[in-house]
1. Looking only at the range B:138-159, decide whether some residue is touching a Leu at 6+ places or on another chain (Cβ under 6 Å), at the interface with chain A (Cβ under 7 Å from one of its Cβ atoms) and surrounded by fewer than 20 Cβ atoms within 10 Å (Cβ to Cβ).
2. Would you kindly identify the helices (runs of 4 or more DSSP H) lying entirely within the range B:56-152 that contain at least 3 residues that are over 30 Å from residue A:283 (Cα atoms) and not β-branched (Val, Ile, Thr)?
3. Just give me the residues in the range A:136-161 being more than 19 Å from residue B:306 (Cβ to Cβ) and touching a helix residue (DSSP H, G or I) at 6+ places or on another chain (Cβ under 6 Å), in sequence order.
4. State all residues of the range A:236-264 that are within 8 Å of another protein chain (Cβ to nearest Cβ) and touching a residue at least 12 places away in the same chain (Cβ under 8 Å); if no residue qualifies, say none.
5. Looking only at the range B:1-16, how many residues end up being touching a residue at least 12 places away in the same chain (Cβ under 8 Å) and within 10 Å of chain A (Cβ to nearest Cβ)?
6. Could you identify the single residue in B:272, B:313 that is assigned to a helix (DSSP H, G or I), out of contact with any helix residue (DSSP H, G or I) (no Cβ under 6 Å at 6 or more places or on another chain) and either within 14 Å of another protein chain (Cβ to nearest Cβ) or among the aliphatic types (A, V, I, L, M) (or both)?
7. Which condition from (1) at pLDDT 85 or above; (2) in a helix (DSSP H, G or I); (3) more than 10 Å from chain A (Cβ to nearest Cβ) is the one that residue B:322 breaks?
Amino acid sequence: MAIAEPYAPQPLVRGLARLREAQTVSRRASAGDRVAIGGFLLLILVALVGPLLAPHSPIQPAGIPFLSPFHGGFLFGTDEVGQDIFTRVLYGLRASLIASAAVITSGVVIGGAIGLVAGTAGGWIDTVLMRITDLFLALPGPVLAIAVVAALGPSYLHTLIAVAIVWWPFYARIVRGEVRALATRPHLEAARLAGIGRVRLARRHLLPGAVPAVLVTASLDVGNLVVTLAALSFLGLGAPAPSPELGSMAARGLQYLLQEWWVPVIPALAVFVVAFLANLAGDGIRDLLGDR
Amino acid sequence: MIKLVAKRLVAMVLILLVLTAVIFLLQKLSHTDPVHAYLGANASKSAIAHESAVLGYNRPLPDQYFRYVHDLFTGNLQESLRTRRPVATDIRAYLPATVELTVFSLILAVVLGALLGLASAARWRGSGIFRIIMVSGASAPAFLLALLGILLFYNKLHLLPATGDTSFTNAPSGPTGMVVVDTVLHGQWSMAWDGFRHLILPGVCVALGPAVSIGRVLRTSLTTNLRSDFVRTAKAKGLTERAVLFRHALRNSASAALSMTGLQMGLMFAGVVVIETIFAWPGLGLYTDQSIPAADFPAIAGVTLILGMGYVVINTIVDILQAVADPRITLT
């Protein structure tokens, strides 16, 4: 705001200062943000130790088929072959969180490397790398992912590869943008004038600057990824039948929806809960690290 | 202006070529051997070698790619391994229903997104609730919405149908193949109403996720604009709150929302595929879902190509529209 002129009347200046203060305060992480981040961390913990908490086997039938929730000692009931849905949801949570972590890691590594090289090198290298990135961004990622899995053959690993292939360009763009913005700052100018080599410049001075932006994007990405991966699994592109994946559980339960609603709905709700907590936590992390 | 359109069109052609190249490579990677599929499982090695030579599958890859693109231009998308019909014929049969559902969802997404964006940007009491609604909308997988929608509106309230695109077996099937459009063209109003009712549940399920993304972008852009100098000037001129919001802030935010809408089409196509399988909607999604277990890659490649082309063309149009609407956007 270009208001704080020396001749501006005092009350206005003070009012503006207070307004700005209010804005910075409201941007700071609130208690709700902390709760959301804590909740998501708890969920990750539950997912990691899931197999220890699980009362039954995720594959073997544990009781009579189609027991409704809270009956016969089954918290979420049983499915069409009598598997314990609670156990399978625990395993499914772990699978989807590991999957999204893997895709994000690969996106950050591949996209980050390309963005860093492009942003640091500039010139024709920058142009070529970013044109390639834009080409990928110009294609419909989710649709392409379906085709990639279908070509490689449905499996958990192939789903990860397919989504990773369409996911990195976002990170390349973000890292490159941050690096370009940083490169014009005075302290970078100083570092360059001091005769630091390019590699050291990129590693010690440019890369750390891109970390907050990447962290915020990555944390906001978890929710999207959980939902996208669940959709692929729903279409039958994930691991084959008996393995506990939330999407495929919902898809196979679909035929029982009108009589035994819990069989498809509970796995689908689990996807929602993970994504919801992840999105709230992502918002919280963004607020913690400053607005973007 | 002409220069910009020309440049965007050239870029579009390039992107489409890359799309065909990607699909071509995937086809090479996939385990389906078109010659083997064509001749059947018991074909002898020599017959396969002979047929490969005839069809050109022993030539170098660039040659084959050139042939592939050439085939595309003549409308040849190979033969489906499952239906044993040309993929192009199958797609022609399934495309209209998908177009109908997509257009309906797109309209819904834009309207809902605009409402969400405006409602959460305006600072009236209770606008905080929209944040929760939007985070929920962004987190809900389309299939969860579909399951809950079917349970509530079909099973419990008996308000809406949940399978297919019409309940009439004698609905007119021409000239577009879209039930609502065709019945309206034939003046069958009760059938048109029935078709529209079939659209509602799947349409909402597809539209909600993109609507939230559009709403979020619109809100961010609106709040930035509402803090800017030109809004302060407009307010100082004595314009009403509403005039400032709609004529000044919204108009300047429309461009951001528009480009988000274009980008959301990719997510929307994926949503359409999932939703069509749940609602037995006779479109490309159902076709894809049936092709996946059969490992029918030519069919999936055909659908990917059509949806990818749709996405690229739509985004090019959005780009050009943006430049028309906002003179600050120039050639980059």
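1. Among the residues of the range B:138-159, at least one is touching a Leu at 6+ places or on another chain (Cβ under 6 Å), at the interface with chain A (Cβ under 7 Å from one of its Cβ atoms) and surrounded by fewer than 20 Cβ atoms within 10 Å (Cβ to Cβ), which makes the answer yes.
2. Numbers: elements: B:61-73, B:87-121, B:128-139, B:142-149.
The helices (runs of 4 or more DSSP H) meeting that bar are B:61-73, B:87-121.
3. Going residue by residue through the range A:136-161, those that are more than 19 Å from residue B:306 (Cβ to Cβ) are A:136-137, A:152-161.
A:136, A:137, A:152, A:158, A:159, A:160, listed by residue number.
4. Applying the first criterion (within 8 Å of another protein chain (Cβ to nearest Cβ)) to the range A:236-264 yields A:236-237, A:247, A:250-251, A:254, A:257-258, A:261, A:264.
Across the range A:236-264, the qualifying residues are A:236, A:237, A:247, A:250, A:251, A:264.
5. Step one: filter the range B:1-16 for residues touching a residue at least 12 places away in the same chain (Cβ under 8 Å), giving B:1, B:3-5, B:7-9, B:11-12, B:15-16.
Okay, now just the ones that are also within 10 Å of chain A (Cβ to nearest Cβ), so B:11-12, B:15-16.
Within the range B:1-16, residues that are touching a residue at least 12 places away in the same chain (Cβ under 8 Å) and within 10 Å of chain A (Cβ to nearest Cβ) number 4.
6. Working: B:272 fails: out of contact with any helix residue (DSSP H, G or I) (no Cβ under 6 Å at 6 or more places or on another chain).
When all the criteria are applied, what remains is B:313.
7. Against the list (1) at pLDDT 85 or above; (2) in a helix (DSSP H, G or I); (3) more than 10 Å from chain A (Cβ to nearest Cβ), residue B:322 comes up short only on (1).
Here is a yes/no grid of residues against (1) modelled with pLDDT under 80; (2) in contact with a Lys or Arg (Cβ under 7 Å, 6 or more places away or on another chain); (3) closer than 30 Å to residue A:94 by Cβ:
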{"site": "A:12", "(1), (2), (3)": "yes, no, no"}
{"site": "A:23", "(1), (2), (3)": "yes, no, no"}
{"site": "A:35", "(1), (2), (3)": "no, no, yes"}
{"site": "A:39", "(1), (2), (3)": "no, no, yes"}
{"site": "A:45", "(1), (2), (3)": "no, no, yes"}
{"site": "A:53", "(1), (2), (3)": "no, no, yes"}
{"site": "A:68", "(1), (2), (3)": "yes, no, yes"}
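The values are calculated or read from the model by the stated rules, or taken from the named source; none is laboratory data. Only a predicted model underlies this, so the values are computations on that prediction, with no experimental measurement involved. All Cβ positions, even for glycine, are placed from backbone atoms using ideal geometry, and neighbour counts span all protein chains on display.
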